[in-house]
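Quick notes on the structure that follows.
Each value in this text was obtained by applying a stated rule to the coordinates, not by laboratory testing. Values in this document were obtained by computation on a predicted structure and should not be read as measured data. Note: ideal-geometry Cβ built from the backbone for every residue, glycine included; neighbour counts use all protein chains shown.
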Amino acid sequence: MDRRQFIKKSSLTAAAFSVGGLTTLAPRKAGAAAIDFSLAAEAVSKTMVDGVTIPVWQFRDLSGFGPGALPSGLVVMEGDTLNVTVYNDLDRPINFVVPGATSGTAAVAAGSSHIYSLTAPAAGSYFYADELNGEISRAMGLAGPLVVMPSDGSDSLYTGGPMFDRQYTLVLSELDDRLNTAVAAGGSYNMENYEPNYFFVNGLSYPDTSSDADTLIAMSVGEDVAIRFIPTGLITNPMHFHAYHVKVATRNRVPETAVIDKDSVLVNVSECVDVILPCTQAGAYPLHTHYIPGVTANGVYVNPYGGALIIMSAS
Ligand SMILES: [Cu+2]
């Protein structure tokens, strides 16, 4: 089918720090630290859920990994000093920015490296990306999640904010294979033609999301579960919950003033959204984008979906 047929936990009080898969040095409860990490910006091939292989870009943590299939991601605490060495193995200059915290940082030329130092900003959900190549690099996949925990050491979204029993980081992204093919060949792409055909949560598409602990939300009835939607892609996703109602706590770290129960949460481009899910019943239910092509692989429903759909299970 042509895709154009579509209209256009572990408890945090225990040792495990359950922002699944994110690199964390320790479940620190207090104290700013200096944290060094190293990211290689690189071009690799990624196999889609339908078996097609597509060139992508990524930030790969040289000493860790990210949630799901993502090769990087970091959990830090407010006030930490982050020293990020970026090795640019791509074919063009990039930089490293944390939208909402840094911008206009120095470029790192192809084939060289640069150390970016920043102080971890206010508690909340962020992503890091390259801004020198505009939307192209995010479309290629060059971005990763950054979670900043409050400096008071609490299991909350921010000091004095909503508390939680578990937290999950869900990075939303997608790709348009035509763009990736063009950019991998050294070219560019007219973003007016951007029409993605593969969709991911933490770098995985359903059904692969259901067999990765970072991307399968596992809860116990009675818990409050924090879910951090971190949109590193370039489309808006209306995220729809079956069986549960959630409370939107923050949008780009700004607390919502009117908190109402929702079964669908709009995640706008570049806007990180943190929600609290009170786990009210046992069972297994989907959480997925309501952008219809977003639950397919290249326009095809496989197994029986194929995109940004994950399973929430509670007992
Ligand atoms: Cu549904």
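For the chain, what is the mean residue ellipticity at 222 nm derived from helices alone (per DSSP H run of n ≥ 4: -39500 (n - 2.57); sum divided by total residues; nearest 500 deg cm²/dmol)?
Helices in the chain give a 222 nm mean residue ellipticity of -1000 deg cm²/dmol.
Between beta-carbons, use under 11 Å as the cut-off and find the net charge around Arg60, counting Lys and Arg +1, Asp and Glu -1.
-3
Among Met48, Met163, Met140, rank each residue by its count of other Cβ atoms within 10 Å, from fewest to most, as a rough exposure measure.
Taking fewest neighbouring Cβ atoms as first place, the list is Met163, Met48, Met140.
Among DSSP bridges having both ends in region 166-314, what percentage is antiparallel? Round to the nearest 5.
If we restrict to bridges inside region 166-314, about 75 percent are antiparallel.
Tell me, what ³J(HN,Hα) does each residue in region 53-68 have, in order and in whole Hz, if you take phi through Karplus 6.51 cos²θ - 1.76 cosθ + 1.60 with θ = phi - 60° and put x for Gly and Pro?
Along region 53-68, the couplings run 9, 10, x, 9, 10, 7, 9, 9, 6, 6, 10, x, 6, x, x, x Hz.
For region 174-203 and region 259-299, compute the distance between their C-alpha centroids and round to whole Å.
Between the Cα centres of region 174-203 and region 259-299 lies a distance of 23 Å.
For a footprinting-style exposure proxy, rank Asp61, Asp263 by other Cβ within 10 Å, fewest first.
Exposure proxy ranking, most exposed first: Asp263, Asp61.
Rg/Rh for region 150-260 to two decimals, with Rh computed the Kirkwood way over all alpha-carbon pairs.
Here Rg/Rh amounts to 1.05.
Determine how many Å³ per residue the convex hull of the Cα atoms of the chain encloses.
Enclosed volume per residue, from the Cα hull, is 122 Å³.
I'm checking a number: the convex hull volume of the Cα atoms of region 35-148, normalised per residue, in Å³. What is it?
Given the Cα convex hull of region 35-148, per-residue volume reads 98 Å³.
Take every DSSP beta bridge whose two residues both sit in the chain, then give the antiparallel share in percent to the nearest 5.
Around 70 percent of the beta bridges assigned by DSSP in the chain are antiparallel ones.
Among Cys272, Cys279, which comes first, then next, by fewest other beta-carbon atoms within 10 Å?
Result, fewest neighbours first: Cys279, Cys272.
Using unit Cβ charges (K, R positive; D, E negative) and no other charged atoms, how large, in debye to the nearest 20, is the dipole of the chain about its Cα centre?
In debye, rounded to 20, the chain gives about 140.
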